[in-house]
Amino acid sequence: MAVFIMLFTLSLSLQAQSTLENLNQNLRYSRYSRLSVKIIPQKETNNTFLLQMPVEKIEDNIDFEDYLFSYAIVGSFTEEIADGQITRLTRDKLKSESERHFYFEESVTIPENQTEAYAVFWAKDSRQGDEYIYHIDLKGPYIFETPTFSAYYGNNIPFDQTFLNVEEALLFKGHAGINLYSYFYPQQFTVPLPPMETKPAAVPKEIDVQDDGTFLQNVPKTFNQNGYYFIQSDTTAPAGVLVKTVPNAFPRVEDWDKMVDMVVYISTRREHESLLSAQDKKKALDQYWINMTKDEEISKNLIREYFRQIEFANILFTDFREGWKTDRGMIYTVMGPPEEVYFNLDREVWIYAGIDTNSKITFTFARVKNVLTPHYYQLNRSRAYQPEWFKRITLWRSGKMAF
């Protein structure tokens with residue numbers, strides 16, 4: 001009876017938010033999530049896909065029975081998700097379990113004449129109703145081609161992070177070919193422009209790429225340089241797997257020079273230029289925080305919270321750039337976790353409550369087709385953001401936060 005009640009509760013929830021575009025996915029960006037769900041698709045045939053669904057256990061001692069897991073396949077963001085489309089993922093469907101993950105695998109076939117297909121994965125906390133949601137394109141206009149292979153940790157759980165620390169290894173496995181091809185990009189990126197800056201950002205005229213050679217599937221591959229790698233099974237096709245490599249301290253701050261770079265979002269131009277030119281970065285930063293708050297204890301708390309935001313931005317939004325250098329990472333750092341998050345085919349929308357007002361602030365990130373990642377978004381900038389943006393920065397500089 002208890003199981004029936006829990007499944008019925010999940011069904012009611014989905015009926016209340018019956019399309020992919022109506023699902024509020026704000027918990028994927030929460031600072032207090034208990035777990036993180038992902039879908040990593042692997043192409044098996046032209047219309048058949050292996051859905052690899054790892055569930056990262058963020059909270060200690062997670063009990064499988066506290067959650068209801070399920071997935072569905074829909075043909076558009078506006079298609080109503082009927083209960084008959086939902087496949088329950090019970091314990092007997094676990095592919096494996098590790099100290100850090102539950103892991104499901106399901107093979108799905110899309111009708112040959114269907115041009116769009118999206119997989120949605122839910123984890124519902126049966127104790128308090130929280131829903132962790134993740135979706136991915138299987139077929140659609142914003143992806144080039146799904147790879148026929150995937151990256152795995154040493155315990156055969158799919159690689160579900162957005163980054164890999166340098167000198168660590170991954171295992172690549174698939175069903176097409178023996179050799180894989182590796183290309184390394186050492187490119188560094190500048191910080192994004194503020195949300196009210198409407199002039200286009202500078203674009204590099206050329207990108208350095210180095211042929212990193214071939215390696216065998218099913219043999220651990222170590223990544224030795226900071227930058228990003230693109231792994232392919234066929235160099236004449238666009239499909240591949242992105243591996244962003246980062247220093248061992250990442251997602252935390254690596255050193256004082258990096259700290260100086262990262263305070264750009266809440267600094268005046270003069271302050272930041274002064275920090276960049278300082279000989280003793282630690283001393284200059286200490287004085288910077290004290291000058292801002294006029295209180296040592298408030299400064300300590302402000303430093304801790306600001307760089308915690310940077311850490312979360314790195315975990316959540318790293319692609320071929322560090323997460324804090326992306327548009328979403330910038331907004332997340334200053335504004336905090338969005339209260340509402342909605343996706344559509346061509347955009348991601350974040351909604352915040354305004355400060356001292358009943359109005360809401362909406363940030364829209366336009367989806368851009370990118371061969372390296374299906375999750376590339378750019379902020380639609382507007383001068384209308386300026387008043388609220390300055391309010392949030394003023395809060396930070398007074399030692400407070402709006403979240």
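The values are calculated or read from the model by the stated rules, or taken from the named source; none is laboratory data. Quick caveat: nothing in here was measured; it's all calculated off a predicted structure. When we count neighbours, we look across all protein chains shown, and the Cβ atoms used for this are built from the backbone with ideal geometry, even at glycine. Ligands, DNA and RNA are excluded from the accessible area calculation, which covers all protein heavy atoms including side chains. Shrake-Rupley method; radii C 1.70, N 1.55, O 1.52, S 1.80 Å.
Looking at Ile157, Ile133, which one is open to solvent by less than 50 Å² (accessible area, probe 1.4 Å), in contact with a helix residue (DSSP H, G or I) (Cβ under 8 Å, 6 or more places away or on another chain), among the β-branched types (Val, Ile, Thr) and at negative phi? Lay out the reasoning, then the answer.
On the way: Ile157 fails: in contact with a helix residue (DSSP H, G or I) (Cβ under 8 Å, 6 or more places away or on another chain).
The match here is Ile133.
Does region 20-44 hold any residues that are in contact (Cβ under 8 Å) with a residue 40 or more places away in the chain and part of a loop (DSSP other than H, G, I, E, B), and which are they?
Initial filter on region 20-44 (in contact (Cβ under 8 Å) with a residue 40 or more places away in the chain): 20-31, 33-44.
Scanning region 20-44 gives Leu23, Asn24, Gln25, Ser30, Arg31, Ser33, Arg34, Lys38, Ile39, Glu44.
Checking Thr357 against (1) more than 30 Å from Pro247 (Cα to Cα); (2) among the β-branched types (Val, Ile, Thr); (3) in contact (Cβ under 8 Å) with a residue 24 or more places away in the chain; (4) not in a strand (DSSP E or B), only one condition comes out false. Which one?
Of (1) more than 30 Å from Pro247 (Cα to Cα); (2) among the β-branched types (Val, Ile, Thr); (3) in contact (Cβ under 8 Å) with a residue 24 or more places away in the chain; (4) not in a strand (DSSP E or B), only one is false for Thr357: (3).
Which of (1) under 28 Å from Thr394 (Cβ atoms); (2) open to solvent by 40 Å² or more (accessible area, probe 1.4 Å); (3) modelled with pLDDT under 95 is the odd one out, the single condition Thr235 does not satisfy?
For Thr235, the exception is condition (1).
Listed here are the residues, each with its yes/no results for (1) among the polar types (S, T, N, Q); (2) in contact with a Pro (Cβ under 8 Å, 6 or more places away or on another chain); (3) open to solvent by 50 Å² or more (accessible area, probe 1.4 Å).
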{"position": "Val166", "(1), (2), (3)": "no, yes, no"}
{"position": "Phe172", "(1), (2), (3)": "no, no, no"}
{"position": "Leu180", "(1), (2), (3)": "no, no, no"}
{"position": "Thr190", "(1), (2), (3)": "yes, no, yes"}
{"position": "Pro195", "(1), (2), (3)": "no, no, no"}
{"position": "Lys199", "(1), (2), (3)": "no, no, yes"}
{"position": "Val203", "(1), (2), (3)": "no, no, yes"}
{"position": "Glu206", "(1), (2), (3)": "no, no, yes"}
{"position": "Val209", "(1), (2), (3)": "no, no, yes"}
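Quick check on region 248-268. Is at least one of its residues touching a strand residue (DSSP E or B) at 6+ places or on another chain (Cβ under 9 Å), touching a residue at least 24 places away in the same chain (Cβ under 8 Å), open to solvent by 20 Å² or more (accessible area, probe 1.4 Å) and not in a loop (DSSP other than H, G, I, E, B)? Steps first, please.
Initially, region 248-268 is screened for residues touching a strand residue (DSSP E or B) at 6+ places or on another chain (Cβ under 9 Å), giving 248-250, 254.
Pick out the ones that are also touching a residue at least 24 places away in the same chain (Cβ under 8 Å) and you get 248, 250.
If we keep only those that are open to solvent by 20 Å² or more (accessible area, probe 1.4 Å) as well, we get 248, 250.
Cutting the leftovers down to not in a loop (DSSP other than H, G, I, E, B) gives us none.
Checking region 248-268: not a single residue is touching a strand residue (DSSP E or B) at 6+ places or on another chain (Cβ under 9 Å), touching a residue at least 24 places away in the same chain (Cβ under 8 Å), open to solvent by 20 Å² or more (accessible area, probe 1.4 Å) and not in a loop (DSSP other than H, G, I, E, B).
Given the conditions (1) under 19 Å from the mean Cα position of the chain (by Cα); (2) assigned to a loop (DSSP other than H, G, I, E, B), report the number of the one that His135 does not fulfil.
The failed condition is (2).
Limited to region 314-343, what total is found for residues that are hydrophobic (A, V, I, L, M, F, W, C) and buried (at least 24 other Cβ atoms within 10 Å of the Cβ)? So that I can check it myself, show each step before the final result.
Of the residues in region 314-343, the ones hydrophobic (A, V, I, L, M, F, W, C) are 315-317, 320, 324, 330-331, 334-335, 341, 343.
Cutting the leftovers down to buried (at least 24 other Cβ atoms within 10 Å of the Cβ) gives us 317, 324, 331.
Count: 3.
Starting from residues that are among the aliphatic types (A, V, I, L, M) and open to solvent by less than 30 Å² (accessible area, probe 1.4 Å), keep the ones in region 61-84 and report whichever is farthest from the chain's Cα centre (by Cα).
Once the filter is applied, the top-ranked residue is Ile81.
From Thr373, Thr362, Thr333, which residue is assigned to a strand (DSSP E or B) and within 30 Å of Leu35 (Cα to Cα)?
On the way: Thr373 fails: assigned to a strand (DSSP E or B); Thr333 fails: assigned to a strand (DSSP E or B).
The conditions single out Thr362.
Can you tell me which residue in region 370-381 is farthest from Arg28 (Cα to Cα), limited to those that are open to solvent by 50 Å² or more (accessible area, probe 1.4 Å) and within 16 Å of the chain's Cα centre (by Cα)?
Going through region 370-381, the residues open to solvent by 50 Å² or more (accessible area, probe 1.4 Å) turn out to be 371, 375, 378, 380-381.
Okay, now just the ones that are also within 16 Å of the chain's Cα centre (by Cα), so 375, 378.
Details: His375: 14, Gln378: 19 Å.
That would be Gln378.
Testing Phe390 on (1) in contact with a Lys or Arg (Cβ under 9 Å, 6 or more places away or on another chain); (2) free of Cβ contacts under 8 Å to residues at least 40 places away in the same chain; (3) over 24 Å from Ser76 (Cα atoms); (4) hydrophobic (A, V, I, L, M, F, W, C), one condition comes back false. Which one is that?
(1)
Count, please, the residues in region 287-315 that happen to be in contact with a helix residue (DSSP H, G or I) (Cβ under 8 Å, 6 or more places away or on another chain), of a type outside the set (Val, Ile, Thr) and in contact (Cβ under 8 Å) with a residue 12 or more places away in the chain.
11
Of the residues Ala353, Ala366, Ala384, which is of a type in the set (A, V, I, L, M), out of contact with any strand residue (DSSP E or B) (no Cβ under 9 Å at 6 or more places or on another chain) and loosely packed, with under 15 Cβ neighbours inside 10 Å?
Ala384
Within region 85-124, can you find the residues that are part of a loop (DSSP other than H, G, I, E, B), within 16 Å of Pro54 (Cα to Cα) and open to solvent by 50 Å² or more (accessible area, probe 1.4 Å)?
Step one: of region 85-124, the residues part of a loop (DSSP other than H, G, I, E, B) are 86, 90, 98-100, 110-116.
The next check asks that each one be within 16 Å of Pro54 (Cα to Cα); those that pass are 90, 98-100.
Matches in region 85-124: Thr90, Glu99, Arg100.
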